[in-house]
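Presented below is the structure to which this report refers.
The values are calculated or read from the model by the stated rules, or taken from the named source; none is laboratory data. Predicted model only: the values in this text are computed from it and were never measured. All Cβ positions, glycine included, derive from the backbone under ideal geometry; neighbour counts span all protein chains shown.
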Amino acid sequence: MSKGKHYVVIDTSGRAENIKPEWAWLDILDNVSRIVGSAGGHAPLPDKLLLNGVTIVSKGLDQIGWDYGQRRQKLNAENQAKLVEEFPEPTGDAP
């Protein structure tokens, strides 16, 4: 996170959580994705995001984080498949 940026996540119950100063936007989305993925049915979910006291996401931070996590998983799987193709496991037939 750049100097001078202070992020706060507010969940659906109204609880505010200060974000680690070194975290950037994608770190926040990654964390939100993990929270949403492991939350129980009635658990409060991240909802709003403030930057230096100004609301920058007014509703639905949980969905943004979830979508980010799903997209990241898909891209990771695609990249892994490409790497496996480019660097196949040796079969033992090398000279």
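Quick check on this structure: which one of VAL32, VAL9, VAL54, VAL84 is exposed (fewer than 10 other Cβ atoms within 10 Å of the Cβ), β-branched (Val, Ile, Thr) and at pLDDT 95 or above?
Working: VAL32 fails: exposed (fewer than 10 other Cβ atoms within 10 Å of the Cβ); VAL9 fails: exposed (fewer than 10 other Cβ atoms within 10 Å of the Cβ); VAL84 fails: exposed (fewer than 10 other Cβ atoms within 10 Å of the Cβ).
Just a single option satisfies the conditions, and that option is VAL54.
Taking ASP47 as the residue in question, decide whether it is more than 12 Å from TYR7 (Cα to Cα), over 11 Å from the mean Cα position of the chain (by Cα) and of a type in the set (Asp, Glu).
So ASP47 passes the test.
In this structure, does LEU49 turn out to be in contact (Cβ under 8 Å) with a residue 40 or more places away in the chain and exposed (fewer than 12 other Cβ atoms within 10 Å of the Cβ)?
Numbers: in contact (Cβ under 8 Å) with a residue 40 or more places away in the chain: yes; exposed (fewer than 12 other Cβ atoms within 10 Å of the Cβ): no.
Here the answer is no, as LEU49 does not meet what is asked.
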